[in-house]
Amino acid sequence: MSKWSVDTSHSSISFQVKHMMVSKVKGTYDQFSITVDSESIEDLTTATISIDIDVATINTKNEDRDNHLKSADFFDVEKYPSIKFQSTSITKSGDHYKITGDLTIKDMTKPVTFDVEYNGKGTNPWGVEVYGFEGETKIDREEFGLIWNTALETGGVLVGKDVKIAIEIEVNPA
């Protein structure tokens with residue numbers, strides 16, 4: 001197995017959720033680490049992938065909303081500072097992967113599967129080969145204890161249940 005470094009300056013973890021049933025709130029986590037151990041980065045079926053997200057770095061471009069998301073109503077970052085993912089199985093079809101693993105939010109662990117695409121490789125200006133991947137999944141936030149909501153006068157709720165999570169990474173040999 002070889003270790004691969006994730007270039008966090010060229011990588012991102014983002015999410016989106018319905019707001020007031022009519023629009024979407026999008027956000028990112030500004031600090032995270034991703035570990036990829038694999039015999040070949042071009043064939044992730046042998047890989048072990050771990051993700052650790054610093055929840056306190058949530059950024060929706062609205063400080064009041066970010067503070068609410070960090071509170072006990074949502075992520076409760078004082079008690080649960082990290083979101084973690086650990087791969088358990090990886091299958092491949094062409095340039096696409098199904099990466100299944102255990103996602104842990106607020107000490108609640110559930111299996112999720114990311115649909116991942118290998119975007120290819122290139123050589124950076126310093127002569128290092130880099131490889132790109134992007135993937136996404138959808139979770140029901142209530143299954144992870146993120147149950148806060150409020151009813152709207154017009155019907156419906158303020159925050160949707162389904163959250164789309166997207167990950168884009170660039171890796172190179174460690």
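The values are calculated or read from the model by the stated rules, or taken from the named source; none is laboratory data. A quick note: this is a predicted structure, and the numbers were derived from the prediction, not measured. We place every Cβ from the backbone using ideal geometry, glycine too, and count neighbours over all the protein chains shown. These accessible areas exclude ligands, DNA and RNA; they are computed on the full protein's heavy atoms, side chains included. Shrake-Rupley method; radii C 1.70, N 1.55, O 1.52, S 1.80 Å.
How large a share of the accessible area of the chain, in percent, is made up of carbon and sulfur atoms when the probe is 1.4 Å and the other protein chains stay in place? So the carbon and sulfur contribution to the accessible surface is 48 percent. In terms of its C-alpha gyration tensor, the chain comes out prolate, because a/c is 1.5 or above and the ratio a/b outweighs b/c. Over region 4-59, the alpha carbon radius of gyration divided by the compact-protein estimate 2.2 N^0.38 Å works out to 1.45.
Net charge dipole, the chain: roughly 360 debye, given to the nearest 20, about the Cα centre with Cβ charges of +1 for Lys and Arg and -1 for Asp and Glu.
Counting alpha carbon pairs within less than 8 Å and at least 6 residues apart, what relative contact order, in whole percent, applies to the chain?
26
Mind checking the per residue accessible area of region 80-174 for me, 1.4 Å probe, whole number of Å²? It amounts to 56 Å² per residue over region 80-174.
Placing +1 on each Lys and Arg Cβ and -1 on each Asp and Glu Cβ, with no other charges, gives region 98-165 a dipole about its Cα centre of roughly 40 debye.
What pairs from Lys18/Lys138; Lys61/Lys98; Lys3/Lys61; Lys26/Lys106 go past 23 Å between their alpha carbons? Before the final figure, lay out each step's value.
On the way: Lys18/Lys138 12 Å; Lys61/Lys98 31 Å; Lys3/Lys61 34 Å; Lys26/Lys106 20 Å.
Violating the 23 Å Cα-Cα cut-off are Lys61/Lys98; Lys3/Lys61.
Based on alpha carbons, the Rg and Dmax found for region 42-100 are 16.1, 44 Å. Modelled spin-label separation between Ser40 and Ala174, with each label point placed 7 Å from Cα along the Cα-to-Cβ direction: 2.1 nm.
What is the gain in length, in nm to one decimal, between Asp107 and Gln86 on full extension, counting 0.36 nm per residue of separation less the C-alpha to C-alpha distance?
Working: separation 21, 0.36 × 21 = 7.56 nm, distance 1.36 nm.
Length difference between fully extended and current span is 6.2 nm.
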